[in-house]
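Enquirer: Take this structure, written in structure tokens, and hold onto it; I'll ask about it next.
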Amino acid sequence: MADRVTVIGWDGSPLTAAARSALGAATLVAGAAHHLTLPEIPPAAERIRLGSVSLAARRIAGHRGTAVVLADGDPGFFGVVRTLRAPEFGLEVEVVPAVSSVATAFARAGMPWDDAQVVVAHRRTLRRAVNVCRAHTKVAVLTSPGAGPAELGLLLEGVHRTFVVCEELGTDRERVSVLSSDKAVDHTWRDPNVVIVIGGPVTAGDGGGWIAGRDPGAGPRGWALPAEAYGGGLGEGETDLLRAAQLARLGPRVGDLVWDIGCGSGAFATEAARAGAAVLAVDRDLDACARTDAAARRHGVQLQIVRGTAPHVLENLPEPDVVRVGGGGAAVVSAVADRRPQRIVTHAATRDAAELVGRDLTEHGYLVECALLQSVQLDTRVWTETERSVAFLLSGVLPDRRP
């Protein structure tokens, strides 16, 4: 095992005395190609070009001598320190930090970033990173080859965002470009780069925030808000109790893409967006689309609204994680199940209709649950019944897809 392992963060500025001292004593140095050309590296030191951090960690673990790992930015922030400290390698590391590339990117843009979401995009997580960009007004994306600005822009089709693309920060080739997301597709971008994605109103609260990222206390407290929160006049399938049960079954969260088909007043779509998920709200009725847009604006969330008739309009929509079917019946539920979301919820007015939908979901490989929900509204001044609703709640979970 290496006698000593030092991880040095590099942001393009001159190396600190501690970093120079560690490099001068190194018998093995791992880093990207541009790191391995630094003049401070001893000529006799073994050099490893850093591709797979796990492979490099195994080499370091078997090395007898002093090892140094060079990394861009702060190596403890979505960096190599986590892998090197993994139990299977048994490495104890010393860290010489630097300014993170995210902090540098926002500094170049002259913007605060305590209210930003920060995500990592590579081929496995690109879709989820894009969903965060759909749902939030300020996101920093740490990209990778094959999951860069062009790919982000391509997957954000139909959603307007502004990109601040920061290439090769801290080097002589540093470049900062500001453009719309659709224009990013036509460029070839240099690695490494960081993309700041801006969409919707970005304003600081009085005195600033108190927690990094999205403020969980923004908006009214509670789930399944009452009809008054959406201007009243909710549809039959949008009652508080039914909506709460649908949200509980789906569990929308940050990184998810939610389809709300037959969005009606926008109550469910807005609630899912308040949970941090990206939401596509679909309805054929122009007034429903307008009400959904108004609800989203009222509660300060980002939605993409698609006007069209299901199931045909669903063909070109991006892959969903969870879906609520608020209208359209068995044919729409079947079309949704063909797209294999991890969870589906819908409701039916009769047992026969519920059984028809449930059988179809079962044939598609979903584990199906059905519950009869009955709610009675009482006027607490005189304790008399004012409203009664009954619905069959159906939910399907796809067991072979990760939640």
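The values are calculated or read from the model by the stated rules, or taken from the named source; none is laboratory data. Just so you know, these numbers come straight off a predicted model, no measurement behind them. Positions of Cβ are backbone-derived with ideal geometry, glycine not excepted, and every protein chain shown enters the neighbour counts. Just the protein is used for accessible areas: all its heavy atoms, side chains included, with ligands, DNA and RNA removed. Shrake-Rupley method; radii C 1.70, N 1.55, O 1.52, S 1.80 Å.
Enquirer: For VAL301, which of the numbered conditions (1) of a type in the set (A, V, I, L, M); (2) modelled with pLDDT under 95; (3) surrounded by fewer than 24 Cβ atoms within 10 Å (Cβ to Cβ) fails to hold?
Expert: (3)
Enquirer: Does ASP285 fit the bill of being open to solvent by 10 Å² or more (accessible area, probe 1.4 Å) and without any contact (Cβ under 8 Å) to a residue 24 or more places away in the chain?
Expert: Answer is yes for this residue.
Enquirer: Restricting region 148-164 to residues that are open to solvent by 60 Å² or more (accessible area, probe 1.4 Å) and not acidic (Asp, Glu), which is modelled with the lowest pLDDT?
Expert: Restricting to residues being open to solvent by 60 Å² or more (accessible area, probe 1.4 Å) and not acidic (Asp, Glu), the top hit is GLY158.
Enquirer: Now for a separate question. What single numbered condition from (1) more than 30 Å from HIS160 (Cα to Cα); (2) touching a residue at least 40 places away in the same chain (Cβ under 8 Å); (3) not in a helix (DSSP H, G or I) fails to hold for PHE78?
Expert: Only one criterion is unmet by PHE78, namely (1).
Enquirer: Inside region 352-369, can you point out the residues that are over 22 Å from ALA244 (Cβ atoms) and not polar (S, T, N, Q)? Please lay out each step first, then the result.
Expert: At the first step, the residues of region 352-369 found to be over 22 Å from ALA244 (Cβ atoms) are 352, 355-356, 359-360, 362-365.
Once the filter is applied, which keeps residues that are over 22 Å from ALA244 (Cβ atoms) and not polar (S, T, N, Q), region 352-369 yields ASP352, GLU355, LEU356, ARG359, ASP360, GLU363, HIS364, GLY365.
Enquirer: Can you name the residue in region 54-95 that is more than 30 Å from the chain's Cα centre (by Cα) and of a type in the set (A, V, I, L, M) and, of all such residues, is nearest to GLY12 (Cα to Cα)?
Expert: The selected residue is VAL68.
Enquirer: Continuing with the same structure: Looking at ALA288, is it touching a Gly at 6+ places or on another chain (Cβ under 9 Å) and aliphatic (A, V, I, L, M)?
Expert: Criteria met by ALA288.
Enquirer: Oh, and also: Among the residues of region 274-322, which ones are assigned to a strand (DSSP E or B) and over 18 Å from the mean Cα position of the chain (by Cα)?
Expert: Scanning region 274-322 gives VAL282, ASP283, ILE305, VAL306, ARG307.
Enquirer: Exactly one condition in (1) open to solvent by less than 50 Å² (accessible area, probe 1.4 Å); (2) touching a residue at least 40 places away in the same chain (Cβ under 8 Å) is not met by ARG291; state its number.
Expert: (1)
Conditions tested, residue by residue: (1) in contact (Cβ under 8 Å) with a residue 40 or more places away in the chain; (2) among the aromatic types (Phe, Trp, Tyr).
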position: VAL336; (1), (2): yes, no
position: PRO341; (1), (2): yes, no
position: ALA348; (1), (2): yes, no
position: GLY358; (1), (2): no, no
position: LEU361; (1), (2): no, no
position: TYR366; (1), (2): no, yes
position: LEU372; (1), (2): no, no
position: SER375; (1), (2): yes, no
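Enquirer: Filter the strands (runs of 3 or more DSSP E) completely within region 1-65 down to those with at least 1 residues that are open to solvent by 40 Å² or more (accessible area, probe 1.4 Å) and within 20 Å of GLY76 (Cα to Cα).
Expert: Details: elements: 4-10, 28-31, 46-49.
Strands (runs of 3 or more DSSP E) meeting the threshold: 4-10, 46-49.
Enquirer: May I ask you to say which residue of ALA245, ALA218 is more than 18 Å from the chain's Cα centre (by Cα), part of a loop (DSSP other than H, G, I, E, B) and more than 18 Å from ALA281 (Cβ to Cβ)? So that I can check it myself, show each step before the final result.
Expert: Values: ALA245 fails: part of a loop (DSSP other than H, G, I, E, B).
Within the list ALA245, ALA218, the selection yields ALA218.
Enquirer: Shifting gears a bit: Given the criteria out of contact with any Ser or Thr (no Cβ under 9 Å at 6 or more places or on another chain), closer than 26 Å to PRO145 by Cα and of a type in the set (S, T, N, Q), does SER101 qualify?
Expert: So SER101 fits the description; yes.
Enquirer: Restricting region 205-230 to residues that are charged (D, E, K, R) and modelled with pLDDT of 80 or more, which is surrounded by the most Cβ atoms within 10 Å (Cβ to Cβ)?
Expert: It comes out as ARG214.
Enquirer: Also, quick follow-up: Just name the residue that is farthest from LEU142 (Cα to Cα) out of those in region 97-110 that are surrounded by fewer than 20 Cβ atoms within 10 Å (Cβ to Cβ) and in contact (Cβ under 8 Å) with a residue 60 or more places away in the chain.
Expert: The selected residue is PRO97.
Enquirer: Out of region 178-204, which residues are at pLDDT below 90 and open to solvent by less than 50 Å² (accessible area, probe 1.4 Å)?
Expert: Scanning region 178-204 gives a single hit, GLY200.
Enquirer: Also, I was wondering about something else. Looking at SER389, is it assigned to a strand (DSSP E or B) and surrounded by 20 or more Cβ atoms within 10 Å (Cβ to Cβ)?
Expert: No.
Enquirer: A further question on this structure: Scan region 242-260 and tell me whether some residue there is modelled with pLDDT under 95, open to solvent by 60 Å² or more (accessible area, probe 1.4 Å) and in contact with a Leu (Cβ under 8 Å, 6 or more places away or on another chain).
Expert: no
Enquirer: For region 81-96, what are the residues that are touching a residue at least 40 places away in the same chain (Cβ under 8 Å) and either open to solvent by 30 Å² or more (accessible area, probe 1.4 Å) or charged (D, E, K, R) (or both)?
Expert: GLY90, GLU92, GLU94, VAL95
Enquirer: Does ARG124 count as among the basic types (Lys, Arg), within 24 Å of the chain's Cα centre (by Cα) and under 21 Å from SER52 (Cα atoms)? So that I can check it myself, show each step before the final result.
Expert: Values: among the basic types (Lys, Arg): yes; within 24 Å of the chain's Cα centre (by Cα): yes; under 21 Å from SER52 (Cα atoms): yes.
Here the answer is yes, as ARG124 does meet what is asked.
Enquirer: Would you check if GLY327 is open to solvent by less than 40 Å² (accessible area, probe 1.4 Å), under 23 Å from GLY235 (Cα atoms), part of a loop (DSSP other than H, G, I, E, B) and among the small types (Gly, Ala, Ser)?
Expert: Taking the combined requirement at face value, the residue satisfies it.
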